Structure formats: C-alpha cells, structure tokens
1. Only residues that are assigned to a loop (DSSP other than H, G, I, E, B) and within 16 Å of the ligand (Cβ to nearest atom): list them for the range 80-101, please.
2. Report whether or not G77 is among the small types (G, A, S), on the phi > 0 side of the Ramachandran plot, away from the ligand (no atom under 16 Å from the Cβ) and in the same structural domain as K7 (by TED's automatic domain parsing).
3. Does T31 satisfy being of a type in the set (S, T, Y), touching a strand residue (DSSP E or B) at 6+ places or on another chain (Cβ under 8 Å) and either free of Cβ contacts under 8 Å to residues at least 40 places away in the same chain or more than 30 Å from A176 (Cα to Cα) (or both)?
4. Scan (1) in contact (Cβ under 8 Å) with a residue 40 or more places away in the chain; (2) within 16 Å of the ligand (Cβ to nearest atom); (3) more than 29 Å from A49 (Cβ to Cβ) for the single condition P194 breaks and write down its number.
5. Only one of V147, V184, V121, V110 is part of a helix (DSSP H, G or I), touching a residue at least 60 places away in the same chain (Cβ under 8 Å) and buried (at least 17 other Cβ atoms within 10 Å of the Cβ). Can you tell me which?
6. Which pairs turn up if I take residues in the range 54-73 that are not assigned by TED's automatic domain parsing to the domain that holds G169 and of a type in the set (S, T, N, Q) and look for partners that are at pLDDT 95 or above and not in a loop (DSSP other than H, G, I, E, B) with beta carbon separation below 6 Å, at least 6 apart in sequence or on another chain?
Amino acid sequence: MNQDDLKRAAARAALAELVPDTLVGVGSGSTVNFFIEALGEQAARFAGAVSSSERSTERLRAAGVRVFDLNEAVLAGMARPVYVDGADEIDPGRRMIKGGGGALTREKIVAGAFDRFVCIVDASKQVETLGRFPLPIEVIPMARELVAARARLLGGSPVLREGFVTDNGNQILDVAGLAISDPVALEEQIDHWPGVVTVGLFARAPASVVLVATAQGVRRVSAPG
Ligand code: 5RP
C-alpha cells in the first residue's frame with residue numbers, strides 16, 4: 001500500500017462517521033481530496049457541505065456536492081454534526097498541527113462550527129510530541145516581521161512561505177524548531193500576538209475522532225467517554 005492508498009482508506013472510513021441529511025464540514029488537503037471524491041459518490045445522502053478553502057469548494061462542486069456559505073448555514077439553523085479534515089501532525093491527545101496547505105484559518109472557523117472533528121490521517125502523521133512539522137502561522141502582512149521576531153524569542157526559526165497568499169489575502173510564516181511541550185498554552189499565547197490571524201495549533205479543541213490508516217487497516221481512536 002502506498003501513501004495515497006492509506007489516505008484514501010482513511011478518507012473512505014470517514015463516510016461512516018457522517019449523519020445523513022445534514023451538512024458536512026470539509027477541510028482541505030490531499031487526504032481530504034480523497035474524502036471529497038467519496039462524498040461526491042453519495043452526495044444525495046447529505047444536505048451539502050461547508051468548505052474550508054477555495055480549492056476544496058471547487059472540488060466539491062465538481063464532485064456534485066452543494067456548497068453552502070457558513071453564514072447562510074448558521075442563519076438557516078442547519079444541523080452541523082461532523083467536520084472532516086486531515087492534519088500535518090497529531091499527538092496521542094488528538095491535538096494537531098495544521099496549515100501545511102495554508103487553509104488553517106478557515107479550517108479553524110469551520111471546524112469550530114461543527115459538533116465533532118473527524119481527523120483522517122495515515123500513520124506517518126502520528127507523533128508523540130507536536131513540533132517536528134514547522135508550525136504555520138497566518139499573519140497580516142504588515143505584522144510579519146514583528147510576529148517572526150516573537151517566534152524567534154520562543155526559540156523558533158520562522159520562514160516566510162514565499163509566493164503564497166492565503167484565501168484571506170494574508171501570508172504564512174512556517175516556524176521550525178519549537179519545543180511544543182504545552183500545545184494548549186502555546187496556541188493561546190500565539191493567538192494573542194497582534195497581527196496573528198490564526199496559529200496552526202488545533203489543541204484547545206482537539207479532534208473528536210481520529211481515523212488512522214495503516215497497512216493493517218483503519219484504526220479508530222476517539223475521545224474517552
Ligand atoms: C491544510 C491542512 C491539511 O489538513 C494538512 O496540511 C494535511 O494535508 P494532507 O492531507 O495533504 O497531508 O491543514 O491547511
């Protein structure tokens with residue numbers, strides 16, 4: 001099995017987590033692309049989707065899935081039980097680093113609008129401690145160097161993602177070398193720096209369920225209780 005086979009297996013397993021006739025929250029990335037493909041085959045079973053990026057929206061529409069604007073869905077009181085997304089890293093507490101694809105802000109917004117976060121990953125994304133993957137931070141461009149300086153004070157090495165503009169018109173700093181011993185506290189801290197739009201730590205609200213694809217099959221890990 002290659003990595004794409006594993007991503008596809010995790011993505012297809014997420015179909016069993018969905019609630020018929022409701023909206024599905026859809027993240028971004030190569031694993032989610034496999035999920036969109038699977039969702040398209042069953043589009044009639046669901047009310048539609050709320051998307052976390054322009055790229056996912058395009059793919060959802062091409063797959064025959066109706067895409068709702070989040071504001072419209074909230075105003076209409078549409079049920080929003082399950083959000084499905086990948087991750088760049090996930091730890092045993094189901095806390096994640098996300099934003100490798102640069103969609104972290106909309107991902108955090110859409111994830112927070114749904115009751116449960118189902119994370120789909122292959123086993124290579126599992127880590128004991130977050131931080132091997134450089135932490136993405138979406139910044140307002142005029143604050144970039146201030147945020148970079150603060151990241152250096154924490155021991156990180158920030159690098160501007162060259163030639164990349166987010167769906168919100170902002171920039172991304174990828175911060176390598178951070179020792180993330182307390183992901184919740186670090187998320188809290190960086191979120192408060194002026195000019196930070198979103199930090200790619202998803203720790204305060206970890207995944208509810210993780211579907212980990214391995215050569216032996218898809219393992220389901222869920223929050224206790
Ligand atoms: C995009 C993300 C993705 O979920 C993350 O980068 C994982 O992507 P992939 O499934 O391609 O490995 O956070 O902003």
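The values are calculated or read from the model by the stated rules, or taken from the named source; none is laboratory data. What you see is a predicted model; the values in this text were computed from it and never measured. Cβ coordinates were reconstructed from backbone atoms using ideal geometry, including for glycine residues, and neighbour counts include every protein chain displayed.
1. Selection gives G86, A87, D88, D91, R94, R95, K98, G99, G100, G101.
2. Here the answer is yes, as G77 does meet what is asked.
3. no
4. (2)
5. Selected residue: V110, the only one of V147, V184, V121, V110 that is part of a helix (DSSP H, G or I), touching a residue at least 60 places away in the same chain (Cβ under 8 Å) and buried (at least 17 other Cβ atoms within 10 Å of the Cβ).
6. Final answer for the pair search is S56/V26; T57/S51; T57/V67.
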